[in-house]
Each structure stands twice: as C-alpha cells, then as structure tokens.
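K.L.:
Please read through the structure below; I'll follow up with questions.
Please treat every number below as a calculation from the coordinates, not as lab data. What you are looking at is a predicted structure, and each value in this text was computed from that prediction instead of being measured. Quick reminder, even Gly has a Cβ in these numbers, built from the backbone with ideal geometry, and neighbours come from all protein chains shown.
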C-alpha cells in the first residue's frame, strides 16, 4: 500500500507545533546584523583594553585585532541569528520547555533561512550550503587547470596559484565533503532508525550555523590576502602570509566545532533513539557507517583544532610551538595535524560506504552480502585509521623507526576495505540490477575507488612513496579516492534520497548523462596524472617542464567534461525540485524505514512509533519484513508496510477496468502473496484514453486494498512487456483480451508469443467488449449520469466529461430523455427516436474512445423521469443536465424530488456539433 | 487495532521480546562523549608539550631562559595547595549530589556554592601565579606549552564554573533536579570531575615530572 497512500497532513496530532508563532525572517537577520556590527566594536575595545592593561606595546597590531574581530563576529552572528536563545533563557532561570517546537519545521522557503530544529530542514540547509561550496571549490580547481594548461605563467602568478589550489582543497574538504555527509545523514538517519528527530535538535541547528560561519570565513579569506600554504597549512609557511591564513585557521575551528557537535548528536541519537526492535544488527549500514564516523570525528577533530590553535598562536601571539630557534618543534605540527587528518579521510569516506551499501542492496534486489562483515570492517577501518598518520610524513625527516610500523598498518587497512568491495560485488552477483542513476554512481564508485585504493598501496609503501611523494601521483591518488570515492557516493546518495527529500522525482535521463560525463571526465582528467607523477612532475608548483605540456593541456580540457556534467546535475536538481513529477513514498521499493513514510515526511516523521521486526535488506525473500509502520489517525490508522509480495504483471488494453479482470485480481490479492503491475500497451494517440482507464482500474483496486500500480507504455505489447520484465522480477502474467474475432492481439497470436518469450506462467482472460465498457461497481469510481437531448453530441460535452474524468476517475451513463408530442407508435416518433439514438451513440462512442466506461439509452419520458432512472436503476452519484447555451432547463420540484439525495448539476455545452464520432481521440 | 497489530508484528519476527530504548540519560551520554573529545584536545597540547620536551630539549628540562640566564622555575608548593582546592571541590560537588539522593535540596545548593567558591579560589591563585611567574607565553617553547596547557585548563575551569552556576540558578529559582532525574546536574558534575582529573594529570606531568 505504501506507494498509494496519501501524503501525511503537515502536522501530526499530539504535537504542540509551537507555543507562539515564530517572528518573521527579517527579525533574525536584523538582530544578527546588529550583533555582528556591535561585535566589531566590542572586539576592538576588548583587545585594546587587554593590551593596555597587560602593558603590550605597541597597542596596535593589525593581525591581533583582525583575529579577535573575526572570532567575535562569528560568535556574535550565532547569537544574533538566535542559536542560543533557548539556552540563554535556560541559564537565566527562565521557564523553558524541552518540548518547545516553535523553531521546528518549514512551511515556506523562509523557514530555511533561520535556525530550524527540524532535522529534515537542517539536512536540506546543509546540502544547499555545501553544494554551493562545491561550486566555489570547483571554480578554484578550474583556475588551477587554467594555469596548468600550458607551462609558464599564463594565467596567474605563482603566489596566486598557491592561493588557488589551497582554497580549492580547503573549501572542498571543510566546506563540501565533510559537511555534505552530515547533511545527508541529518536527513535520513533519524528516519532510518525510526526517530522523530535528532537527540538534540537545538544543538543540531547550532551545528549548521557554525558551518555557515566557517564557510563565510573561508570563502571570503581571499579578500584579505590569499591563504596559500595548502590545505595542510604546514608551518612555517602558514605562519607567514596575510590575514587570509588567520581566517582559514579560525574557519577550521568553527567547522571543527560544527562537525564535533553533529557527531555527538548522531552518536546519542543512534544509541538512545532507535525504534523498538532495532537491535544493532538490524541497523541499516548507513547508520553503522555514521556511528563509526561520528566516533572518528569526536576523537579525531580536537587534534586539528589543537594544531590550528598552535598555528594561530604562533602567527598572532608570537608563541614558540614551531619556532626551533626558541625550542619549538616544527615536525610536531605534522604529527598533530595528521593524527586528525588521516582519520579525516575516513570521515570523508565511511559515510559514503554506508550510502553505497544502501544503494547497491536496493538496486540489486538482494540481501546485502556479508552484512556483519561490512559493519565490522567499518569499525576496523576506523580503529586502524588512528594508527597510520605518519605515512603522510615518510619524507618529513621524522624518526625513522616509525616508518615501518606505519607502512604495515597502512597496507593492513586494505583488508577491511577489500572486504567491503567484495561484499558489494557479492551483493550484485546474481542480483536483479536496476541501472538507475544512484546505482550507476555506486558502481562507478567501486571502479574508481578501487583504482584509488591501488595507487594508495604505492604511496603507502615506503620505497615508492619516497620516490613519488612530491609528484602528481599523489594528486592522482587523492582525486581518485576523494572524487572517485567520496563525491561519487555523494551523488549516489543525493539522487537516491532526492525523491524522499523533495517529494519529487529527478529526471532519470539527465541523471544518466551526469553520471557518464562525470565518470568519463574524471578518468580522463585524473588518470594521466599517474603518468605525470611517475615521470616526476612536481605537485603544488605553478609551472612545469615543457615535456609535460601536451598531457597537461589534455587534462585541462578533460576537466571541462566534469564541469559540463556538474551543470547537468544542477539543472536537473533545481528543475526537478521545482517542477519534477510527484514522487511516490517508495520509488525504489527500499526496505529501510525512511521509505515507509511519505515523501517528504510529515513534520515529526512517524505519527506512531514504528516496530522493527527484521533486518533491513531482506530483498527477494517473500514475507520477510524490516518494520511495521502504522499510519496516523488521519490516514485511518492502517498498517503501512514494505512487502516482498511476488509480482503479477497484468497486460490489458481496453479491458483494463473490466469487472471480471478486477474481480480476478481481487481474488488473487486476498491470498496475500501477490502485488500487481499493470502495463497498458498503447500509442501516442490513445495514450490519454489508456491512462484514464488505468486510473479508474487502479482506483477500484486501491479501494479494495490491492497493492497495484501501472503504466501506459507507447509500444507494441511484446515490447511493453519486455520493458517491465527488465525492471522487475515478474512471477506471472495475466493477459486480458477480447474474444477471438474481435481481438487484434489474438489475431497476432500474442498469447503464445508472450508465453514463449517470458518464460513465466501466463493466464489468459477473455472479456466481452460490452463488459469492458460496463461501469465498475465501486465507490472509487464516480458514476455520472449525463442527461441531455439536443446538444448531446456536442464536442463540448465530451470535453467536459473528459476533464472531469482527469480530475477523478468516473464512469458515465448517458440518458437521452425523449418527450414525444406525437403518438409513440407513429413513424414520426420512430424517426425522432432514431435521431436521438444516433446522437446518444455518438457521445457513447466518443467517451468510450476517451477511456471512460460508458453505457447509455434513449428514454421515453421527461427529464425528471430520466433523473429518477439515473438514481434508481443506475445508482448514479451525480446527474449532469446538459443543455445548449440559452436553452436552460428549469430545475423543477419534480426533478429535485426525483433526484432525492443524488446531486443534480446543470452544465452547458458549447453549442458546436461535431459530426465525426470519435474523431476527438483520433481512432 | 493498532496495538493488536504491533504485538502481532513483533511475534512474527520470532526473535524474542522487542528491545526497549536504553535508559541512559541523553545528557550524560553526550557529556561522556564530549569529554572524550575534550580529552583529545588536551592530548593534542600534551603531544606538543612532550615533543618539545623530549624531542627538542632532550634532557635539559626545565630549559634555560635566555632572558635571565637561569632555568625556568615553576611554583610547585603553591600550585600543590591549589591542586588540593580543586580536588576537594570534586568532593563537595559529590556531597551535594549525594544529599540530593536523600531529597535534601538545601544541601545540593550549598554543595554547589562551596564547589563554585573553591573553583574561583583555584582560578584566582592560578592567575596570581601567572602574574608572578616572570616569563610569558613568548618565552621559549617552555613558556608556550606551559601557558597553553594551563590556559586551556583554566578556560575549562571557567566553563565548568558557568555550568555549575547554571545548575545553581536552576536549582534555586526553578527548584529543578529530582533525585532520579537531573540530567543537567549529572552532566555538569561529570564535566567538573573531568576538569579536576585533567588538572591532577597536568600538575603531575608539567609541574612535578
């Protein structure tokens, strides 16, 4: 039922949606502005006072003042925008409510521009911000490629070039790859574990706005003099340079605080807020991956905070951490930095592993291979990841004895990573693979990430690393693992959950284009760098030997293919978000909990806490289920559950909505093992008519609780059946035709051909044409009585009924009341009756051709008599009295009485008589 | 219908009773994890300290201060007494929490006040030490690591005092905290004990060792 249930009402019952209406958007931003401006003066005052009181001389020091100003501005912005309002009330001893939901949820785009405590809103805030950072960082990368297209100083000078690649890496890593995973997980993780929100929603909001501060500091850094020490910010290089470097160091603190807060939130959420029945071995692998990543963040990130504090103090305060003249240790920076930044590569990769596990299991329609092995290997990678940091420092001159253990640990990490790769391959082996965009990206990821892993072995091995450490081989490696690894999984996840997050489907064709452009572009761009590296082209240098010119030009041009792919991606995302077709709840037939709620989910996700009763990846196992979810009272409290019922393919054309077919499907559905997919082979001319029939049939089935969906495919029957069977495992086919003689399909010997080609059981059902046009006996299909005489054959009436049918499935009864002035047996009466029959037949034929089940007759009697017959004999829900303009029929008491409880409406046709019956639908 | 189906659903799994969510307080859990993070922040500065001390200075520690020509001196005795202040504050806080278990809210308030008083005393003594040490964060790597380690700890004492003050305000103004439910108090006291433990470690490693 999941794909057909209506969307949740925006607010579930039992939740107080707010104690007071939140103030308008401008309130927050005005406040933030005032705070930020005041903070500049406060920073100046405080710094001046401290320097004066401590007796520093001179009182003015540009770098010191700017540092304090930027730090103050960041914090003041967070206060002004309202991240601390609740806690401020709390610490003053005001009355506060833990259940204060006044900042929760979004009703318009404005709610995305203020602190919001809804994890779904925060997830989208994260994704939008980080993809903006992705664009900025990508533009820096293109700047780098523009410079390297030819040897020599042809685009920027060396100093600016240093700034370009430093900003590219910094914004990509701290502004995109790390936080974008927080964004995706923010959205889906609480849903996946059956929670209504994160454990600390207000902390969650603070995390996001901390990231905003970091991103603004980082991206505006070039305005204060480029930060050009590389993203690793090694001293003593990072101690020189302009204020941009200070801003980088501050931005890292803000971004670090943001990720630590998010990670704490994830861990507590995962530990304490799983739905009943969700044991750790029933958690989706994305949850495993994020729990592990969060542990890495919580225990690793303080080290980069420490390293950047030391850099900042040495820069601004003149301390001696790295000043060897005064007893400092410059190598210590690298140890502290890499002790975070090696685990950081797993922070940037493990959530991607989680996404890929979800995507591959769903699109292979098979239980994931080695669930526990994947879970354990995730943890193993995290633990081993803390013991390999010095492999970044083989050539740094550190103590030589550390190198061999680090090398061995590094190579050891290949084992758990290999376990994952083989588990994914094992999942796909023998699966029914659906090549949707997320799956394409997941499979592309396996290829490119494996290449990146293999080049990692060269760099992890001491002898080859010493040779290649400073060359483009490293650049090739990091881009294969970051772009071919992390970014591919980010795209996979974005496409996979796009329908859930936006409630709309993305464009599959553009998605496939995006994949191939990205995949080909990235391989053409980064693969030649391996060769450049082994030939000795140094990295981080704006110029190179002329013999590398051709390859570099090729790389620069190839990188534009990725740019094209990214443009396609953004066009697809933005267009689909605004105008894409509505997404069903569960477009991929996933089993995890997020697919058992509406798209997008309601305000508090689950109206009734779901019960988890099995593993998350039991694809293809009949009767296996992951969870039981109940709808809220406004949906009738029914059970919404993912199923693995076997699929029956129903093939029919005009007999789609016939009573005997529907009865047959109902009978089978009651057995409980089946779900149904209609395929209606059609052609462009009859497409709309076929759709109307299909909607009527699906409405009747939905009303009867049958799990069914369907599509109209503009193709011959064999081709249409084939296209469905490629997508899905079909267990049986029901083929419905007219009897021999009136069926084109039987003339073409379709039954035998399908039976041979499909290789599955086939039931052939024969339906008489008259039965196919009989109105369905169901409340889901509205019965409309059309009462008209002159004007009954107007095209306007047909159009009117068709547009009604498009709004809601209906069946029609055409009644033509003939009030005869002449004796009923006379020839005149006979003529009148024949004329009326002709007119009526035209309308019936037109409506039937438009895909509306229609019957009709000519009656001797008044309009009131026709109304009465419509109500009693045909049990119509509504009677439409159709007249030509200026030809109104008075609704007399007689008619009202005849109608009883049935609605009577007057409609006017356009007075234009069409002569060709059925011409409107082109048959 | 709903409840019946839930029961039915769990039976179907055939894997025993449904596991209930854990009963650890979210505030306690997040504070424990956060303290893990804090411990790593201190660890990064201790790494700096040890690398400067054992990699660069080798066995000459404390090193010679070029400004005076003599080795740096740290006031071990005064700081030792100060350490006792801070350690005892952990016990007064524990006493307050313990009395709350018996429903004695007045004692909780007193315990918090005494703890805050001891914490402030520690800060004042430490500040006084800074004032009279005779070297600055810019004096060699020794001064740098000493001031950053003790300064980082001092910052944590200030944060801990803020948390305890909030607890005091909440306890007094809103009569918050029940014997079986006082997450904010538990979390704050965890933080305070952590600050104490770090100081004992710091005193041992930086002053005594």
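K.L.:
Against the longest alpha carbon principal axis of chain A, how many degrees, from 0 to 90 and to the nearest 10, is the axis of helix A:330-347 turned?
P.N.:
Long axis of A:330-347 versus the principal axis of chain A: about 10 degrees.
K.L.:
State the Cα centre-to-centre distance between region A:472-510 and region A:80-133 in whole Å.
P.N.:
Computed from Cα coordinates, the inter-centre distance equals 28 Å.
K.L.:
A further question on this structure: Where in region A:202-245 does the amide nitrogen come within less than 17 Å of the point 7 Å from the Cα of residue A:62, taken along Cα to Cβ?
P.N.:
Flagged as within label range: A:221-228, A:239-245.
K.L.:
Percentage of Cα-Cα pair distances in region A:94-231 greater than 25 Å, rounded to whole percent?
P.N.:
Working: 3740 of 9453 pairs.
Counting pairs separated by more than 25 Å, the tail of P(r) holds 40 percent.
K.L.:
If I model a spin label at residue B:159 and residue B:197 as a point 7 Å from the Cα along the Cα→Cβ vector, what separation in nanometres do I get?
P.N.:
For the pair residue B:159/residue B:197, the computed spacing is 1.6 nm.
K.L.:
Given the C-alpha centroids of region B:82-101 and region A:346-365, what is the distance between them in whole angstrom?
P.N.:
Rounded to whole Å, the Cα centres lie 48 Å apart.
K.L.:
With axes computed from alpha carbons, what is the tilt in degrees of helix A:285-312 against the longest principal axis of chain A, rounded to the nearest 10 within 0 to 90?
P.N.:
30
K.L.:
State the three equivalent ellipsoid semi-axes of region A:646-772, derived from the C-alpha gyration tensor as the square roots of 5 times its eigenvalues, in descending order and whole Å.
P.N.:
Working: eigenvalues 74, 59, 44 Å².
Equivalent ellipsoid of region A:646-772: 19, 17, 15 Å, largest first.
K.L.:
Moving on to the next point. What value, in deg cm²/dmol to 500, does the helix sum -39500 (n - 2.57) over DSSP H runs of n ≥ 4 give at 222 nm once divided by the residues of chain A? Please report the intermediate quantities before stating the final value.
P.N.:
Numbers: 29 runs with 489 residues, N = 923.
Result for chain A, helices only: -17500 deg cm²/dmol.
K.L.:
Using Cβ contacts closer than 10 Å as the measure, can you line up A:742, A:559, A:242 from fewest to most?
P.N.:
Values: A:742 11, A:559 22, A:242 17.
If I rank by nearby Cβ atoms, fewest first, I get A:742, A:242, A:559.
K.L.:
Okay, moving on. Listing A:210, A:532 from the residue with the fewest other Cβ atoms within 10 Å to the one with the most, what is the order? Intermediate results must be reported in sequence, preceding the final value.
P.N.:
Numbers: A:210 25, A:532 21.
Least crowded to most crowded, the residues run A:532, A:210.
K.L.:
Hey, could you grab the Kirkwood Rh for region A:69-159? Inverse mean 1/r over distinct alpha carbon pairs, Å, one decimal.
P.N.:
Details: mean 1/r = 0.0586 Å⁻¹.
By the Kirkwood definition, the hydrodynamic radius is 17.1 Å.
K.L.:
Under a crude label model (7 Å from the Cα following the beta-carbon direction), how far is residue A:906 from residue B:138 in nanometres?
P.N.:
Result for the modelled spin labels: 9.6 nm.
K.L.:
While we're looking at this one, here's another question. Please give the FRET efficiency for residue A:30 paired with residue A:670, using the beta carbon to beta carbon distance and R0 = 60 Å, rounded to the nearest 0.05.
P.N.:
Numbers: r = 62 Å, r/R0 = 1.04.
Efficiency at R0 = 60 Å is approximately 0.45.
K.L.:
Let me ask you something else. Work out, step by step, the length gained on full extension between residue A:41 and residue A:146: first 0.36 nm times the residue separation, then minus their alpha carbon distance; give nm to one decimal. Let's see the in-between values first.
P.N.:
On the way: separation 105, 0.36 × 105 = 37.80 nm, distance 4.15 nm.
Gain in length upon complete extension: 33.6 nm.
K.L.:
Sequence gap at least 6, Cα distance under 8 Å: using those rules, report the relative contact order of region A:646-772 to the nearest whole percent. Provide the component values of the computation, followed by the final result.
P.N.:
Values: 214 pairs, mean separation 41.9, N = 127.
Normalised by residue count, the contact order of region A:646-772 is 33 percent.
K.L.:
Any chance you could run the full-extension gain for residue A:835 through residue A:685? It's 0.36 nm times the residue separation minus the Cα-Cα distance, nm to one decimal.
P.N.:
Numbers: separation 150, 0.36 × 150 = 54.00 nm, distance 2.96 nm.
Residue separation times 0.36 nm, minus the Cα-Cα distance, leaves 51.0 nm.
K.L.:
Would you work out the relative contact order for chain A, in percent, from Cα pairs under 8 angstrom that are 6 or more residues apart?
P.N.:
Working: 1656 pairs, mean separation 87.3, N = 923.
Rounded, it is 9 percent for chain A.
K.L.:
Going 7 Å from the Cα of residue B:78 in the Cα-to-Cβ direction, what parts of region B:125-146 have a backbone nitrogen less than 14 Å from that spot?
P.N.:
B:125-135
K.L.:
Over all directions, average the projected area of the Cα convex hull of chain B and note it in nm².
P.N.:
17.4
K.L.:
Also, I was wondering about something else. Which semi-axis lengths, in whole Å and largest first, follow from the square roots of five times the eigenvalues of the Cα gyration tensor of region A:782-921? Mind dumping the intermediate values first?
P.N.:
Numbers: eigenvalues 90, 75, 36 Å².
Equivalent ellipsoid semi-axes, largest first: 21, 19, 13 Å.
K.L.:
Here is a further query. Over all distinct alpha-carbon pairs, what is the Kirkwood Rh of chain A in angstrom? Don't skip to the end; give the middle numbers.
P.N.:
Details: mean 1/r = 0.0315 Å⁻¹.
The Cα-based Kirkwood calculation yields 31.8 Å.
K.L.:
Something else: Given only helices, namely DSSP H runs of n ≥ 4 each adding -39500 (n - 2.57), what is the per-residue ellipticity at 222 nm of chain B, to the nearest 500 deg cm²/dmol? Mind dumping the intermediate values first?
P.N.:
Values: 6 runs with 145 residues, N = 209.
Taken over chain B, the calculation gives -24500 deg cm²/dmol.
K.L.:
Cα centroids of region A:172-219 and region A:387-452: how far apart, whole angstrom?
P.N.:
Here the two parts' Cα centres lie 26 Å apart.
K.L.:
Can you put B:167, A:816, B:162 in order, fewest other beta carbons within 10 Å first? Provide the component values of the computation, followed by the final result.
P.N.:
Working: B:167 28, A:816 24, B:162 13.
Listed from fewest to most nearby Cβ atoms, that is B:162, A:816, B:167.
K.L.:
Would you please give the FRET efficiency between residue A:660 and residue A:543, computed as 1/(1 + (r/R0)^6) with r the Cβ-Cβ distance and R0 = 56 Å, to the nearest 0.05? Provide the component values of the computation, followed by the final result.
P.N.:
Working: r = 80 Å, r/R0 = 1.43.
It comes out at approximately 0.10.
K.L.:
If you don't mind, there's one more thing I want to ask. For peptide A:264-277, how many partner chain Cβ atoms fall within 10 Å of a residue's Cβ, on average?
P.N.:
On the way: counts 8, 3, 0, 5, 11, 2, 0, 7, 8, 3, 3, 3, 7, 9.
That average works out to 5.
K.L.:
Mind grabbing the base-10 log of I(q)/I(0) for region A:116-579 at q = 0.07, 0.09, 0.14 Å⁻¹? Debye formula, identical points on the C-alpha positions, no solvent, two decimal places.
P.N.:
The calculated log intensity ratios at q = 0.07, 0.09, 0.14 Å⁻¹ are -0.33, -0.57, -1.51.
K.L.:
Continuing with the same structure: Just to confirm the number: angle between the C-alpha axis of helix B:183-202 and the first principal axis of chain B, 0 to 90 degrees, nearest 10?
P.N.:
In chain B, helix B:183-202 runs at an angle near 30 degrees to the longest axis.
K.L.:
Let me ask something else about it. Report the gain in length on full extension from residue B:94 to residue B:60: 0.36 nm times residue separation, minus Cα-Cα distance, nm rounded to one decimal. Walk me through the numbers before you get to the answer.
P.N.:
Values: separation 34, 0.36 × 34 = 12.24 nm, distance 4.10 nm.
Using 0.36 nm per residue and subtracting the Cα-Cα distance, I get 8.1 nm.
K.L.:
What distance in nm separates the simple spin-label points at residue A:875 and residue A:157, each placed 7 Å from Cα in the Cβ direction?
P.N.:
8.9
K.L.:
What FRET efficiency do you get for residue A:415 and residue A:240 if R0 is 45 Å and r is their Cβ-Cβ distance, rounded to the nearest 0.05? Working shown, then result.
P.N.:
Working: r = 42 Å, r/R0 = 0.93.
Plugging the Cβ-Cβ distance into 1/(1 + (r/R0)^6) gives 0.60.
K.L.:
Translational diffusion coefficient, Stokes-Einstein: compute it for region A:525-612 using the Kirkwood radius over C-alpha pairs as Rh, at 10 °C and 1.306 mPa s, and state it as an integer in µm² s⁻¹. Intermediate values should be presented prior to the final figure.
P.N.:
Details: Rh = 17.9 Å.
Translational D for this selection: 89 µm²/s.
K.L.:
Next up: Kindly provide the pair-distance distribution of region A:364-462 built from C-alpha pairs, with 10 Å bins from 0 and whole-percent values in order of increasing distance.
P.N.:
Going from the shortest bin to the longest, the percentages are 15, 37, 28, 14, 5, 0.
K.L.:
Counting pairs of alpha carbon atoms under 8 Å apart in space and at least six apart in sequence, what relative contact order in percent does region B:81-209 give? Let's see the in-between values first.
P.N.:
On the way: 111 pairs, mean separation 37.5, N = 129.
It comes to 29 percent, rounded to a whole number.
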